[in-house]
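Asker: Below is a structure I'd like to ask you about.
Coordinate-derived values only; no laboratory data. Being a predicted model, the structure only gives us computed values, none of them experimental. In this analysis, Cβ positions are derived from the backbone assuming ideal geometry, glycine residues included, and neighbour counts consider all displayed protein chains.
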Amino acid sequence: MPDGEQFFQLGDVDLSQAKPAATPADAEKLQAQYQSQLDILAKDGQAQFGFVDYDPPSFVVVSKQMVLQMTLKNSSRFDPDKTSIYKRAAQTFDLFVAPKMKDILDHLPGDLPVDYYDFSVVNPLSATPTGKVRSEAMEFLLPKSLARKFANAEITNQELIDRSQVLVNGVRIALNLQLVE
């Protein structure tokens, strides 16, 4: 090796197995391919899981990964003056998303070609003194394989959250479920 030149070794990384980045065109193709199943999920989801009617399940690309996004409306109302975003995020996951997750995932093919499930939850907040209704958005971007393990009681809620992304109104937060309860 010539002087000053560096050689980088990749070790055991097999780049031939690297997955290409997902594109919006890939999401559109999956949407068309799975539309009838997503329509059933949307209908069942509205009746059983709190899915919203204005944003049906759809495929999206997030950070070059394929994601199935599902939007739900939480049935609990929060008072932001009495709870932190961390407590609301923990309660939203533990008391709203987690109990529904297995049933929702059972509605999906196990071989669905996605990397993540995005459970976007609209949390109603207490009304302002003028009566204006407010809400906040909680997003739980969960790796597909870990979401399935959690749904099958193979890992804990904290193990799932630790390997996931949690966003409140688009801002990523760290979440330790036990510390905020």
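Asker: For Val171 paired with Leu125, estimate the spin-label separation in nm (one decimal), with each label point 7 Å from Cα along the Cα-to-Cβ line.
Answerer: It works out to 1.1 nm between the two label points.
Asker: Membrane-span-like helices in the chain: DSSP H runs reaching 15 Å or more (Cα, own axis), mean Kyte hydropathy at least -1.0?
Answerer: Correct list, ordered by number: 24-48.
Asker: Turning to a different aspect of this structure: As a check on your grasp of the helix formula, calculate [θ] at 222 nm for the chain: sum -39500 (n - 2.57) over DSSP H runs of n ≥ 4, divide by the residue count, round to the nearest 500.
Answerer: Calculated at 222 nm, the ellipticity per residue is -9500 deg cm²/dmol.
Asker: Can I ask one more? Whose amide H sits under 5 Å from the amide H of Val121, counting only residues 5 or more places off or on another chain, with H placed in the peptide plane?
Answerer: Answer set, sorted by chain and number: Leu72, Met138, Glu139, Phe140.
Asker: Shifting gears a bit: Quick one: net charge of Ser135's neighbours, Cβ under 12 Å, K/R +1, D/E -1?
Answerer: +4
Asker: For the pairs Lys87/Lys149; Lys19/Lys73; Lys29/Lys149; Lys82/Lys149; Lys19/Lys87; Lys87/Lys132, note any where the Cα-Cα span goes beyond 31 Å.
Answerer: Lys19/Lys73; Lys82/Lys149; Lys19/Lys87
Asker: Which residue, Leu41, Leu95, Leu30, has the most motion in a Gaussian network model of the chain that connects Cα atoms within less than 10 Å?
Answerer: Result for the chain, Cα springs under 10 Å: Leu95 fluctuates most.
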